[in-house]
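Only one structure is covered here, and it is reproduced in the block below.
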Amino acid sequence: MRLSVGKPVLVTGAAGFLGSNMVDHLLQEGEMVIGIDNYQTGTPSNLRHLQDHPFFRMIDHNIQSPLPHLPPLRSIYHLACPASPPQYQKDPVDTLAQQQGCRILLSSTSEVYGSPKVHPQPESYWGHVNPFGPRACYDEGKRAAEALAWAFQQSPRCVDVRIARIFNTYGPRLAAGDGRVVSNFVAAALSDTPFVITGDGSATRSFQYVDDCIRGLVALMEMDTTAVPGPVNIGNDAEVTLTELAGVVRRVVNEINGLRGPPIIEYRSRPVDDPQRRRPDLTLAKGTLEWAPVISLEEGLRKTVQWWLTQNPKDHS
Ligand SMILES: NC(=O)c1ccc[n+]([C@@H]2O[C@H](COP(=O)([O-])OP(=O)(O)OC[C@H]3O[C@@H](n4cnc5c(N)ncnc54)[C@H](O)[C@@H]3O)[C@@H](O)[C@H]2O)c1
């Protein structure tokens, strides 16, 4: 553990799911941390336990506006997610990294691969994204953010940028009811209501537990510059269908609640442009970061459900 005598690390989106888990990790490592968030989707309760932490400071700020004066930074984890592409255009956070000459990690996403024609998806695949559709704003926004990061990297002052293409991540502090499939299924299992699956349940995803993700992001940030050639997939390459996921969630909740029986599933029509398959090719991450995901779906879900029950004890019936 490092003692907090050096420059602080900035975490944008600090009140969100990944941001708050990253803040906890960095503080445990003895870093000084400054968090920024405008609470658009994040919540102060994710950071309440750090209210009086001597090495943590939180700033309520919208990162689309010029940033407040900050001390010299060690690095920036850019985990805030502006909701639409125009919000990327000025990008004060990349500009801050350039002014400060500090390293920045951009949280990109597997959505840059769109509905992929290549499986599993390596970083060299350019993707198959519909640029005009209900998902386009997020997918193309992240692609634009990657392009912008590349441009900053090539600029005369050469910003040291790391790009993580994060695949579906779940775990404690994933907001309930935010539309992500794991939180929807856990909520359904705990309230004993039907699991809603869009499509016929055969679509696959690869789910990564949050601690694996945070370790991967830190490994990427700390990696020797010359060894990082561009974007790196951070995910778990165990692929499951949505029907299988429903079964695992039900099993884990049954085990905790002492119940029995399979999930009751309600199938609804599949959303436009919803990818049929998603699995990261982790060759690059495993080879360059000396990192690999280690937490199985079952184990991660157990930790997630147990955390959920501490937040919503009434669900434990
Ligand atoms: N969780 C996943 O499965 C996943 C997968 C791929 C990529 N990502 C990326 O990782 C990052 C973090 O995701 P998350 O799951 O923690 O999401 P989240 O919504 O929980 O966290 C994002 C945080 O950013 C804050 N924010 C949004 N706009 C802001 C603004 N303009 N100014 C200041 N703060 C702002 C929100 O209030 C929130 O606290 C995002 O960039 C997301 O696109 C996440």
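For this structure, a couple of remarks:
- Label-zone membership for segment 200-242, site residue 286, 7 angstrom Cα→C-beta point, backbone N under 15 Å: 233-239
- Multiplying the residue separation of residue 193 and residue 69 by 0.36 nm and subtracting their alpha-carbon distance yields 39.8 nm.
- Under the Debye formula (equal points on every Cα, no solvent term), log10 I(q)/I(0) of the chain at q = 0.08, 0.10, 0.16 Å⁻¹: -0.36, -0.57, -1.46
- Entry comment: accessible area of the chain is 46 Å² per residue, from protein heavy atoms only and a probe of 1.4 Å.
- Rolling a 1.4 Å probe over the protein heavy atoms leaves residue 289 with an accessible area of roughly 20 Å².
- Of the solvent-accessible surface of the chain, computed with a 1.4 Å probe and all protein chains present, 54% belongs to carbon and sulfur.
- Distance from the Cα centroid of segment 35-61 to that of segment 243-317 is 27 Å (rounded to whole angstrom).
- On the principal axes of its alpha carbon atoms, segment 130-233 extends 57, 34, 23 Å, with the longest extent given first.
- Helix runs (DSSP H) in the chain reaching 20 Å along axis by Cα, Kyte-Doolittle at least 0.0: 242-257
- Taking every alpha-carbon pair under 8 Å whose residues sit at least 6 apart, the chain reaches a relative contact order of 17 percent.
- Using the Cβ-Cβ distance between residue 28 and residue 312 with R0 = 35 Å, the FRET efficiency computed as 1/(1 + (r/R0)^6) comes to roughly 0.85.
- Packing here is the average count of other Cβ atoms within 10 Å per residue, and on that basis the peptides 94-107, 254-267, highest first, run 94-107, 254-267.
The values are calculated or read from the model by the stated rules, or taken from the named source; none is laboratory data. Please read all numbers here as calculations on a predicted model, not as lab measurements. When we count neighbours, we look across all protein chains shown, and the Cβ atoms used for this are built from the backbone with ideal geometry, even at glycine. Please note that ligands, DNA and RNA were not included when accessible areas were found on the heavy atoms of the full protein model with its side chains. Shrake-Rupley method; radii C 1.70, N 1.55, O 1.52, S 1.80 Å.
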